[in-house]
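> One structure follows; several queries about it will come next.
The values are calculated or read from the model by the stated rules, or taken from the named source; none is laboratory data. Not measured: the values here are computed from a predicted model. As a convention, Cβ positions derive from the backbone with ideal geometry for all residues, glycine included, and neighbour counts pool all protein chains shown.
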Amino acid sequence: MTIRKIKGLAIECVQGNIVDQPDMDAIVNAANARLLPGGGVAGAIHRAAGPGLEKECRPLAPIHPGEAVITGGHNLPNRSVIHCLGPVYGKDEPADTLLADCYRNALRIAAEHGIRSVAFPAISTGIFGYPVEAAAKIALKTVLDELPRLSSVNHIRFVLFSSTDHLFYERMLGEAKTKKQALLIDLDGVLYVGDKAITGAAEAVQWLDEEKIPYLFVTNTSSRPRSALVEKLARFGIITDEAVIFSPPVAASQWLKAHAPGPAALFVPQATKTEFNCLEELDPYTESGASSVVIGDLGESWSFPLLNRAFRLLMAEPRPVLVALGMTRYWRGPDGFHLDVAPFVKALEHAADCRAVVLGKPATEFFEAGLAILECPTADTLMIGDDIVGDVHGAQRAGMQGVLVRTGKFRPQDLDGDIKPDAVLDSIAELPAWWENL
Ligand SMILES: [Mg+2]
């Protein structure tokens with residue numbers, strides 16, 4: 001059995017009987033024009049559904065090649081049956097268009113009825129004589145072409161009765177286009193710089209939604225919680241929610257809960273502390289007793305006493321774990337470059353002679369945790385960011401492709417170094433056109 005996940009849709013092919021697919025909302029009948037029981041798939045479906053199906057079908061007949069109609073499932077375990085009339089090969093022309101129409105019309109009816117899962121038999125390949133390999137190609141191509149319009153449908157199963165048909169479909173599905181299927185998207189510098197949206201960013205994200213391309217915003221921002229990022233994005237016309245944002249505080253709180261569950265000394269802005277609600281916070285004036293010392297982006301709130309407290313906590317026995325919320329070296333604000341988290345972590349590592357656990361870009365573990373949320377194979381995922389090191393190189397080391405945008409902190413000399421982005425876009429506004437040509 002082969003299952004492919006393409007743009008959020010699971011497509012599989014199995015060898016079996018179309019009337020024995022109890023987990024599918026709808027099955028498709030390779031019907032005859034009069035929607036009568038007959039032989040083959042139609043006969044099997046009518047036998048399993050009982051006489052009620054034939055009665056319901058009667059006023060809907062006749063149908064023409066390429067057409068589809070829907071009825072209830074009657075005694076079948078499925079909610080609905082979609083009846084399609086495939087072309088008779090060598091008689092109904094153009095056969096390829098009519099066969100594609102069958103799949104297209106069946107899927108559109110399914111979407112209109114809020115159906116989530118559809119099982120198809122091989123239409124026209126039996127007594128109608130359509131060559132199996134050609135029919136399989138049309139079936140799969142039509143399903144993939146219809147993807148953007150499949151509002152409710154998220155699972156399609158091809159059920160092949162014969163082992164020969166099954167082999168053709170298996171091969172076809174395995175060879176289905178493997179272009180990139182999911183995206184990790186950096187926020188700062190890609191969708192906005194400071195309080196200014198990047199032109200075309202909202203439209204690009206809207207396009208991803210319309211195309212049902214799975215994506216996750218992966219940011220190293222630790223200066224504010226996800227709720228604040230959701231509000232910020234909304235001001236730029238990008239409607240999203242916290243579940244689509246993966247940030248170091250989220251990764252760190254999960255990691256700490258599992259690996260260092262004691263009191264955490266949090267060097268993060270007050271607002272970001274909400275992301276650590278599942279942990280006990282160490283008293284802010286204590287200089288020992290921490291299980292972890294968590295360093296986020298405190299920006300101008302850093303002071304010598306504060307940095308020194310983090311150092312003293314790290315030197316106290318038993319030694320706590322140092323956690324870095326990303327290792328971004330700097331970021332670019334409207335007034336120029338700013339030190340980010342990494343320089344402070346490096347100072348503490350050097351002084352306390354320890355190594356930080358990095359839960360943020362460019363750590364491979366952080367990208368992998370994001371990929372796990374997306375449920376998409378690493379090799380099929382792209383990371384798009386404005387940081388040649390944190391975004392592009394980090395993604396490439398994790399097995400993804402890294403795309404650099406010429407916005408945010410991008411500098412032309414970024415392209416002169418050893419790190420070679422898989423693509424460079426002027427901005428995220430170029431993403432839809434570029435993606436279509438992948
Ligand atoms: Mg960035």
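> Limited to the range 379-430, what total is found for residues that are under 19 Å from the mean Cα position of the chain (by Cα), of a type in the set (A, V, I, L, M) and more than 14 Å from the ligand (Cβ to nearest atom)? Before you say what the answer is, go through the steps one by one.
First, the residues of the range 379-430 that are under 19 Å from the mean Cα position of the chain (by Cα): 379-385, 391-392, 394-396, 398-403, 428.
Filter again for of a type in the set (A, V, I, L, M), leaving 379, 382-384, 392, 395, 398, 400, 403, 428.
Pick out the ones that are also more than 14 Å from the ligand (Cβ to nearest atom) and you get 379, 382, 398, 400.
Matching residues across the range 379-430 total 4.
> Shifting gears a bit: Name the residue, out of L53, L35, that is surrounded by 20 or more Cβ atoms within 10 Å (Cβ to Cβ), assigned by TED's automatic domain parsing to the domain that holds V118 and assigned to a loop (DSSP other than H, G, I, E, B).
Numbers: L53 fails: assigned to a loop (DSSP other than H, G, I, E, B).
Selected residue: L35, the only one of L53, L35 that is surrounded by 20 or more Cβ atoms within 10 Å (Cβ to Cβ), assigned by TED's automatic domain parsing to the domain that holds V118 and assigned to a loop (DSSP other than H, G, I, E, B).
> Kindly indicate whether L348 is touching a Lys or Arg at 6+ places or on another chain (Cβ under 8 Å), away from the ligand (no atom under 15 Å from the Cβ) and in the same structural domain as G299 (by TED's automatic domain parsing).
Numbers: touching a Lys or Arg at 6+ places or on another chain (Cβ under 8 Å): no; away from the ligand (no atom under 15 Å from the Cβ): yes; in the same structural domain as G299 (by TED's automatic domain parsing): yes.
For L348, the condition - touching a Lys or Arg at 6+ places or on another chain (Cβ under 8 Å), away from the ligand (no atom under 15 Å from the Cβ) and in the same structural domain as G299 (by TED's automatic domain parsing) - is not met.
> Looking at the range 311-321, is at least one residue surrounded by fewer than 21 Cβ atoms within 10 Å (Cβ to Cβ) and either in a strand (DSSP E or B) or on the phi > 0 side of the Ramachandran plot (or both)?
Within the range 311-321, one or more residues are surrounded by fewer than 21 Cβ atoms within 10 Å (Cβ to Cβ) and either in a strand (DSSP E or B) or on the phi > 0 side of the Ramachandran plot (or both).
> Taking into account only those residues within the range 50-82 that are polar (S, T, N, Q) and touching a residue at least 24 places away in the same chain (Cβ under 8 Å), which is nearest to A111 (Cα to Cα)? Steps first, answer last, please.
Going through the range 50-82, the residues polar (S, T, N, Q) turn out to be 71, 75, 78, 80.
Subset that is touching a residue at least 24 places away in the same chain (Cβ under 8 Å): 75, 78, 80.
Details: N75: 23, N78: 16, S80: 12 Å.
Looking at residues that are polar (S, T, N, Q) and touching a residue at least 24 places away in the same chain (Cβ under 8 Å), I get S80.
> Hey, can you tell me all the residues within the range 278-292 that are closer than 9 Å to A265 by Cβ and either in contact with a Ser or Thr (Cβ under 7 Å, 6 or more places away or on another chain) or not in a loop (DSSP other than H, G, I, E, B) (or both)?
E281, S292
> Still on this structure, I have one more. So, P305, is that one more than 16 Å from the ligand (Cβ to nearest atom), assigned to a loop (DSSP other than H, G, I, E, B) and out of contact with any strand residue (DSSP E or B) (no Cβ under 9 Å at 6 or more places or on another chain) or not? Give the steps one after another, and end with the answer.
Working: more than 16 Å from the ligand (Cβ to nearest atom): yes; assigned to a loop (DSSP other than H, G, I, E, B): no; out of contact with any strand residue (DSSP E or B) (no Cβ under 9 Å at 6 or more places or on another chain): yes.
Spelling it out, it is not the case that P305 is more than 16 Å from the ligand (Cβ to nearest atom), assigned to a loop (DSSP other than H, G, I, E, B) and out of contact with any strand residue (DSSP E or B) (no Cβ under 9 Å at 6 or more places or on another chain).
> Which numbered condition in (1) closer than 17 Å to K361 by Cα; (2) away from the ligand (no atom under 16 Å from the Cβ) is the only one that N220 fails?
It is condition (2) that N220 fails.
> Tell me yes or no: at least one residue of the range 164-181 is modelled with pLDDT under 95, in a strand (DSSP E or B), buried (at least 18 other Cβ atoms within 10 Å of the Cβ) and away from the ligand (no atom under 16 Å from the Cβ). Explain how you work it out, then say what you get.
Pass one, the range 164-181, residues modelled with pLDDT under 95: 164-181.
The next check asks that each one be in a strand (DSSP E or B); those that pass are none.
For the range 164-181, residues modelled with pLDDT under 95, in a strand (DSSP E or B), buried (at least 18 other Cβ atoms within 10 Å of the Cβ) and away from the ligand (no atom under 16 Å from the Cβ): absent.
> Okay, next question. Looking only at the range 239-271, which residues are more than 23 Å from the chain's Cα centre (by Cα) and surrounded by fewer than 23 Cβ atoms within 10 Å (Cβ to Cβ)?
Within the range 239-271, the subset more than 23 Å from the chain's Cα centre (by Cα) is 256-271.
Scanning the range 239-271 gives L256, K257, A258, H259, A260, P261, G262, P263, P269, Q270, A271.
> Any idea which of A423, A398 is touching a Ser or Thr at 6+ places or on another chain (Cβ under 6 Å), surrounded by 15 or more Cβ atoms within 10 Å (Cβ to Cβ) and of a type in the set (A, V, I, L, M)? Quick ask: steps written out before the conclusion?
On the way: A423 fails: touching a Ser or Thr at 6+ places or on another chain (Cβ under 6 Å).
Going through A423, A398 in turn, just one is touching a Ser or Thr at 6+ places or on another chain (Cβ under 6 Å), surrounded by 15 or more Cβ atoms within 10 Å (Cβ to Cβ) and of a type in the set (A, V, I, L, M): A398.
> Could you say which residue among A252, A258, A271 is within 27 Å of L184 (Cα to Cα), free of Cβ contacts under 8 Å to residues at least 40 places away in the same chain, aliphatic (A, V, I, L, M) and outside the structural domain of P214 (by TED's automatic domain parsing)? Let's see the steps before the verdict.
Details: A252 fails: free of Cβ contacts under 8 Å to residues at least 40 places away in the same chain; A271 fails: free of Cβ contacts under 8 Å to residues at least 40 places away in the same chain.
When all the criteria are applied, what remains is A258.
> List the number of the failed condition for I127; all other conditions in (1) aliphatic (A, V, I, L, M); (2) surrounded by fewer than 22 Cβ atoms within 10 Å (Cβ to Cβ); (3) part of a helix (DSSP H, G or I) hold.
In the conditions (1) aliphatic (A, V, I, L, M); (2) surrounded by fewer than 22 Cβ atoms within 10 Å (Cβ to Cβ); (3) part of a helix (DSSP H, G or I), I127 misses (3) alone.
> To continue, here is another question. Within the range 138-155, is there a residue that is within 16 Å of the ligand (Cβ to nearest atom), farther than 23 Å from E67 by Cβ and assigned to a loop (DSSP other than H, G, I, E, B)?
No, the conditions are met nowhere in the range 138-155.
> Filtering the range 224-238 down to residues that are outside any helix (DSSP H, G or I) and at pLDDT 95 or above, which residue is surrounded by the most Cβ atoms within 10 Å (Cβ to Cβ)?
The extreme case among them is I238.
> Considering the range 325-345 alone, what residues qualify as being within 12 Å of the ligand (Cβ to nearest atom) and buried (at least 23 other Cβ atoms within 10 Å of the Cβ)?
G326, T328, W331, D340
> Could you please find all residues in the range 185-215 being part of a strand (DSSP E or B) and within 12 Å of the ligand (Cβ to nearest atom)? Write out each step before concluding.
Filtering the range 185-215 down to residues part of a strand (DSSP E or B) leaves 185, 188, 192-193, 196-197, 215.
Answer for the range 185-215, where residues must be part of a strand (DSSP E or B) and within 12 Å of the ligand (Cβ to nearest atom): I185, D188, Y192, V193.
> Could I ask something else about it? Is it true that some residue in the range 287-294 is touching a strand residue (DSSP E or B) at 6+ places or on another chain (Cβ under 7 Å) and touching a residue at least 60 places away in the same chain (Cβ under 8 Å)? Lay out the reasoning, then the answer.
We begin by selecting, within the range 287-294, every residue touching a strand residue (DSSP E or B) at 6+ places or on another chain (Cβ under 7 Å); these are 290-294.
From what's left, touching a residue at least 60 places away in the same chain (Cβ under 8 Å): none.
The answer is no, given that none of the residues of the range 287-294 is touching a strand residue (DSSP E or B) at 6+ places or on another chain (Cβ under 7 Å) and touching a residue at least 60 places away in the same chain (Cβ under 8 Å).
> So, G43, is that one in contact with a Phe, Trp or Tyr (Cβ under 9 Å, 6 or more places away or on another chain) and closer than 24 Å to Y169 by Cα or not? First the steps, then the outcome.
On the way: in contact with a Phe, Trp or Tyr (Cβ under 9 Å, 6 or more places away or on another chain): no; closer than 24 Å to Y169 by Cα: yes.
The answer is no for G43.
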